[in-house]
Structure formats: structure tokens, C-alpha cells
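Enquirer: Have a look at the structure that comes next, please.
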Amino acid sequence: MRFKRVAAVAAAATLALGLSACGGDSDEGTGSGDKNFKAGSTMERLNKAQKIKVGTKIDQPGFGQKGLSGKPEGFDVEIAKLIVKELGIPEDKIEFIETPSKVREDKIVDGSVDLVAATYTINDKRKERIAFAGPYYEAGQNIMVKKDDSSITGPDSFKAGDKKVCSVTGSTPAEEIKKYVKDVGSQLVLFDTYDKCRDALKGGQVDAVTTDNVILLGYIAKDEASFKMAGDNFTKEPYGIGVKKEDTDFRNFINDTLEKAFQDGSWKKAWDNTAGKFGATLGDPPAIDRY
């Protein structure tokens with residue numbers, strides 16, 4: 001009996017030594033499953049927790065809209081899922097949090113979300129508070145009007161001062177259209193979601209809705225009898241993933257993940273299954289800005 005006990009102890013010690021050797025040095029970090037991340041990094045924290053909070057929108061067809069399941073669906077959502085997969089976290093452990101334009105930076109800064117994928121245009125003003133990975137897509141601002149309206153042909157149509165245009169508070173399109181309206185106070189109508197702008201256009205409270213072309217194409221695809229585009233794109237809107245400003249390691253990890261998705265076909269597949277169904281053009285993968 002004594003011999004068996006000694007043998008058991010020796011075997012346990014050997015197993016422990018082997019596991020320690022496989023684990024590597026402590027400063028290399030650890031992770032669940034087959035993932036191994038830098039110690040103290042956001043990637044390690046999220047992987048160990050096996051859960052993540054993702055900020056997105058729920059009112060934008062093709063990019064982030066609440067589906068029949070009650071969960072967001074769209075290109076932004078699929079891009080977020082690709083990142084989460086690389087973190088070694090199951091898809092059902094993602095908590096999607098509605099993140100309208102006006103609160104995106106706030107939710108990143110205060111830690112309410114771990115990242116934001118929400119038609120989030122990269123610009124210098126936002127970089128003062130947060131950081132961006134990407135871009136993973138380049139859209140362009142456009143205008144949606146009623147199907148029978150031929151009076152609006154582009155942003156210059158608002159210079160006369162007799163047309164009302166709707167956009168979303170805190171969005172890049174809302175700021176851009178201010179360059180064209182004669183009287184911001186009376187012409188520019190702002191809501192917290194684009195669904196409300198669409199409803200206002202359909203109800204005759206405004207004459208147009210302006211945001212990125214891919215979002216408008218989604219609305220038009222769902223109601224071709226009511227809406228159409230008016231003119232061409234008049235801006236370039238590179239979409240990025242928002243993270244905390246100081247988190248360079250996490251930003252680099254997301255950039256690596258995006259470049260992998262560009263190369264292995266998962267980026268295109270995500271597009272084809274979402275926004276691509278509405279007729280928008282994907283184009284070539286954009287160049288990642290590793291600033």
C-alpha cells in the first residue's frame with residue numbers, strides 16, 4: 001500500500017511539472033481554450049471572462065438592426081463576431097448593447113462596452129477621446145427622398161432654405177449636412193435613431209433623410225415604393241472599431257483580425273450575407289490605418 005501511495009504522489013508531481021512547462025512563463029499570459037494572450041491585456045481579460053460587451057446600432061438595415069430573434073443583425077454585427085471568435089469567446093456570450101451615435105464615445109470611455117462596431121466613421125475629433133481599429137469599410141454620405149420627389153438632387157438642394165432634412169444627433173452626416181443648409185435651426189431635424197427620420201420622411205414632416213449610402217440603401221430595399229436616393233455620394237466615411245484610446249494592444253489585435261478576415265474570405269462572406277443583399281458595393285479591402 002505504501003508503495004502505491006508513493007507512486008501516485010510521484011505521478012501527480014510529474015503531471016504538474018508537465019502542465020507547468022506547457023503553460024510557459026507567466027509574463028506570456030494565459031487564455032481559455034487554445035488562445036494565449038499577453039498578460040494583463042484586454043484580450044486576456046476578455047478571454048478569461050469568456051464574455052464580452054459589444055456596442056452596436058439596432059436601427060440600420062444591413063449593418064445593425066434588431067432581427068426577428070430580438071438580437072442585432074448586419075455587417076457590423078458580423079465583423080464584431082469575427083473579432084470575438086479570435087478572442088476565443090463563444091458567440092452566445094456576446095452581450096450586444098444598443099449604442100446610438102451620440103453616446104458611442106461615452107460608452108467606450110466609461111467601460112460600458114468593450115468595443116463599438118456601429119457604422120462608426122473614423123475622424124480626428126473622435127480620436128481625441130477614443131481609438132479606432134480599421135477601417136473595415138468605406139461608405140459615403142447620401143440623401144434619401146420620397147419616390148415621387150424630383151426637387152432634391154443632392155446636398156446643394158438645401159441651400160435655398162425651403163427643404164427640411166433629417167439626421168441623427170452626434171453623427172458625422174448631421175455635421176456634414178450643416179455645410180449645405182441655409183438655416184440649421186429650421187431645416188435640420190435631429191432624432192436619436194434613423195428609424196425616426198425614415199418615419200418623418202414618410203409622414204411628410206421632413207423632405208429628406210441624410211446618412212451613409214449603405215444605410216439608406218437598406219431602407220430603400222425594404223420599401224422601394226416609398227423611397228429613392230437623390231444624387232451621388234458626397235463624402236467618404238471609413239468605418240472603424242472603437243476602443244479605449246490608450247489600449248494599443250487591443251487595437252493592434254483587432255487590426256490583425258481584420259486583415260486576416262480580408263484575406264481568408266470571411267470579410268466578404270459577412271458582407272454578402274448582410275448589407276450586400278441590398279445592392280451596395282463592397283469593393284476592395286480598405287488599407288488598415290495603424291496610426
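The values are calculated or read from the model by the stated rules, or taken from the named source; none is laboratory data. What you see is a predicted model; the values in this text were computed from it and never measured. Cβ placement follows ideal geometry from the backbone for every residue including glycine, while neighbour counts extend to all protein chains displayed.
Enquirer: Picking from Glu176, Glu237, which residue would you name as being surrounded by 16 or more Cβ atoms within 10 Å (Cβ to Cβ), in contact (Cβ under 8 Å) with a residue 24 or more places away in the chain and over 23 Å from Leu82 (Cα atoms)? Full working, then the answer.
Expert: Details: Glu237 fails: over 23 Å from Leu82 (Cα atoms).
Testing whether each residue is surrounded by 16 or more Cβ atoms within 10 Å (Cβ to Cβ), in contact (Cβ under 8 Å) with a residue 24 or more places away in the chain and over 23 Å from Leu82 (Cα atoms) leaves just Glu176.
Enquirer: Scan (1) on the phi < 0 side of the Ramachandran plot; (2) surrounded by fewer than 18 Cβ atoms within 10 Å (Cβ to Cβ); (3) not assigned by TED's automatic domain parsing to the domain that holds Glu78 for the single condition Gly204 breaks and write down its number.
Expert: Unmet for Gly204, out of (1) on the phi < 0 side of the Ramachandran plot; (2) surrounded by fewer than 18 Cβ atoms within 10 Å (Cβ to Cβ); (3) not assigned by TED's automatic domain parsing to the domain that holds Glu78: (1).
Enquirer: I'm trying to understand the selection: among the residues of the range 35-79, which are farther than 17 Å from Gly276 by Cα, without any contact (Cβ under 8 Å) to a residue 40 or more places away in the chain and under 16 Å from the mean Cα position of the chain (by Cα)?
Expert: Lys66, Lys71
Enquirer: Regarding Gly161, is this residue at positive phi and surrounded by fewer than 20 Cβ atoms within 10 Å (Cβ to Cβ)?
Expert: When the stated conditions are applied, Gly161 passes them.
Enquirer: Please find, within the range 263-280, the residue that is farthest from Leu87 (Cα to Cα) out of those that are surrounded by fewer than 16 Cβ atoms within 10 Å (Cβ to Cβ) and touching a helix residue (DSSP H, G or I) at 6+ places or on another chain (Cβ under 9 Å). Lay out the reasoning, then the answer.
Expert: First, the residues of the range 263-280 that are surrounded by fewer than 16 Cβ atoms within 10 Å (Cβ to Cβ): 263-265, 268-269, 272-273, 277, 279.
Going one step further and asking which of them are touching a helix residue (DSSP H, G or I) at 6+ places or on another chain (Cβ under 9 Å), we end up with 268-269, 273, 277, 279.
Values: Lys268: 20, Lys269: 20, Asn273: 22, Lys277: 28, Gly279: 32 Å.
Among residues in the range 263-280 that are surrounded by fewer than 16 Cβ atoms within 10 Å (Cβ to Cβ) and touching a helix residue (DSSP H, G or I) at 6+ places or on another chain (Cβ under 9 Å), the one farthest from Leu87 (Cα to Cα) is Gly279.
Enquirer: Could you check the range 244-257 and list, in sequence order, the residues that are among the hydrophobic types (A, V, I, L, M, F, W, C) and surrounded by 23 or more Cβ atoms within 10 Å (Cβ to Cβ)? Before the answer, list the steps.
Expert: Applying the first criterion (among the hydrophobic types (A, V, I, L, M, F, W, C)) to the range 244-257 yields 250, 253-254.
Of everything in the range 244-257, those that are among the hydrophobic types (A, V, I, L, M, F, W, C) and surrounded by 23 or more Cβ atoms within 10 Å (Cβ to Cβ) turn out to be Phe250, Ile254.
Enquirer: Out of the residues in the range 225-255 that are among the basic types (Lys, Arg) and under 16 Å from the mean Cα position of the chain (by Cα), state the one that is farthest from Gly279 (Cα to Cα).
Expert: Filtering the range 225-255 down to residues among the basic types (Lys, Arg) leaves 228, 236, 244-245, 251.
Then keep just the ones that are under 16 Å from the mean Cα position of the chain (by Cα); that gives 244, 251.
Working: Lys244: 34, Arg251: 31 Å.
Checked the range 225-255; the qualifying residue farthest from Gly279 (Cα to Cα) is Lys244.
Enquirer: Looking at Ala49, Ala80, Ala133, Ala117, which one is at pLDDT 95 or above and surrounded by fewer than 22 Cβ atoms within 10 Å (Cβ to Cβ)? Quick ask: steps written out before the conclusion?
Expert: On the way: Ala80 fails: surrounded by fewer than 22 Cβ atoms within 10 Å (Cβ to Cβ); Ala133 fails: surrounded by fewer than 22 Cβ atoms within 10 Å (Cβ to Cβ); Ala117 fails: surrounded by fewer than 22 Cβ atoms within 10 Å (Cβ to Cβ).
The conditions single out Ala49.
Enquirer: List, please: which pairs have Cβ atoms under 7 Å, are six or more places apart or on different chains, and start with a residue in the range 149-173 that is farther than 17 Å from Asn233 by Cα and in the same structural domain as Leu190 (by TED's automatic domain parsing) and end with one that is of a type outside the set (S, T, N, Q) and loosely packed, with under 13 Cβ neighbours inside 10 Å?
Expert: Within 7 Å, the pairs are Lys159/Lys182; Ala160/Lys182; Gly161/Lys182; Gly161/Asp183.
Enquirer: So Gly111 passes all but one of these: (1) modelled with pLDDT of 95 or more; (2) within 15 Å of the chain's Cα centre (by Cα). Which condition number does it fail?
Expert: So the condition that Gly111 fails would be (2).
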